[in-house]
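Report on the structure given below.
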């Protein structure tokens, strides 16, 4: 394992707030015209499952889900002070953002399934299976609410089969079963055709079958390519990021054909729609790969440097995404702050590991170890405060500092909860 090298400077803890509340009355969702209208969780709801389960993957889900709420809050404020076209809360825009989250999480969970197949001590196969099932059900429910027909059930069946084939592929590759991997790949290819046919039927023939099939096949190609190199960390994390990133494009395509078929309000390709989906994606990616970084930091026989490089790349992408709307100076400052947050999270992981080791040995925690944990948390508090101030200043007050600090602090809370769960696995 390896500590990050970014210079120390910064870093929070409180509750999740409604996306629309984050920026006042600037923009509110329209009337409930379709089942895709957002329902923002009340404080505590986002991580309720995670809090009761305590599994690292469950905790990570709560952290990622909070990012979708926070991303929307930020986009509302940015939209208020820029000339980006589109409506943040239009139903089509919401659909694209939600699909972006669900499909990225799906790809990330296949990554967790690979880790579980290699070493189930960190996150048992059963826990990953539950997470994949929950993700599938949420995606299927979105389809079911939009299409009240047997075809929605057919989609769920086809996607469930897709997940099953992926898991079989993972198990075969990890165990060295070349024949099993070939069969699973053949099933994935056939399933891609079945899913494409189902989407075309769902949309009443308006979807371009070739494009849908190409999107699904590209997902199959990128995720299986990542699994293929799971034993080579210098390739594995980058390949997994490619697979997760690819799902953003798949989400845009799927949401686009569904929005057109259902005549949902809003332009799915508007500037604000792209910003909301891309920021959601970058922030979810950050949770996924930062959690993998802290996992690698805690694991006794795992090198952290390969995933550190990916986290750095995700940070640059996140900063650049907001920088397109708020300027290069903002982007540079955000990138610096975010790097410091990562450094502080790694320091927290190391300190927590020391504390847990002492507790399990029945020993008292040393002053140095206790001070290291407190220092990491202080740095994370500073991050929350400085980021909130940066966002308020960049948007001329459209993003209120108190609300942004709460969202940043909730991000810190969910990430440290993930680290706590990770540390108890090693």
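The values are calculated or read from the model by the stated rules, or taken from the named source; none is laboratory data. None of these values were measured; they are calculated from a predicted model. Heads up, the Cβs are rebuilt from the backbone with ideal geometry, glycines too, and the neighbour counts pull from every protein chain shown.
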Report yes if some residue within segment 369-381 is modelled with pLDDT of 95 or more, surrounded by fewer than 23 Cβ atoms within 10 Å (Cβ to Cβ) and closer than 18 Å to residue 67 by Cα; otherwise report no. yes
If the requirement is being assigned by TED's automatic domain parsing to the domain that holds residue 424, under 30 Å from residue 212 (Cα atoms) and modelled with pLDDT of 95 or more, which of these qualifies: 280, 294, 342? 280
Of the residues that make up segment 325-338, is at least one surrounded by fewer than 24 Cβ atoms within 10 Å (Cβ to Cβ), under 17 Å from the mean Cα position of the chain (by Cα) and assigned to a helix (DSSP H, G or I)? yes
Could you tell me whether residue 422 is in a helix (DSSP H, G or I), within 26 Å of residue 56 (Cβ to Cβ) and within 25 Å of the chain's Cα centre (by Cα)? yes
I'm told residue 257 meets every condition in (1) surrounded by 24 or more Cβ atoms within 10 Å (Cβ to Cβ); (2) over 20 Å from residue 421 (Cβ atoms) except one. Can you identify the failing condition by its number? (1)
Which residue, of 111, 120, is in the same structural domain as residue 249 (by TED's automatic domain parsing) and surrounded by 24 or more Cβ atoms within 10 Å (Cβ to Cβ)? 111
Does residue 313 satisfy being surrounded by fewer than 22 Cβ atoms within 10 Å (Cβ to Cβ) and either at pLDDT below 95 or farther than 22 Å from residue 376 by Cβ (or both)? yes
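Going residue by residue through segment 138-156, is there one that turns out to be at positive phi, out of contact with any helix residue (DSSP H, G or I) (no Cβ under 6 Å at 6 or more places or on another chain) and not assigned by TED's automatic domain parsing to the domain that holds residue 58?
no
Could you run through segment 84-96 and say how many residues are within 27 Å of residue 402 (Cβ to Cβ) and surrounded by fewer than 24 Cβ atoms within 10 Å (Cβ to Cβ)?
Of the residues in segment 84-96, 3 are within 27 Å of residue 402 (Cβ to Cβ) and surrounded by fewer than 24 Cβ atoms within 10 Å (Cβ to Cβ).
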Need pairs with beta-carbon distance below 6 Å; first residue farther than 16 Å from residue 327 by Cα and within segment 385-401, second assigned to a loop (DSSP other than H, G, I, E, B); sequence gap 6+ or separate chains. 386/10
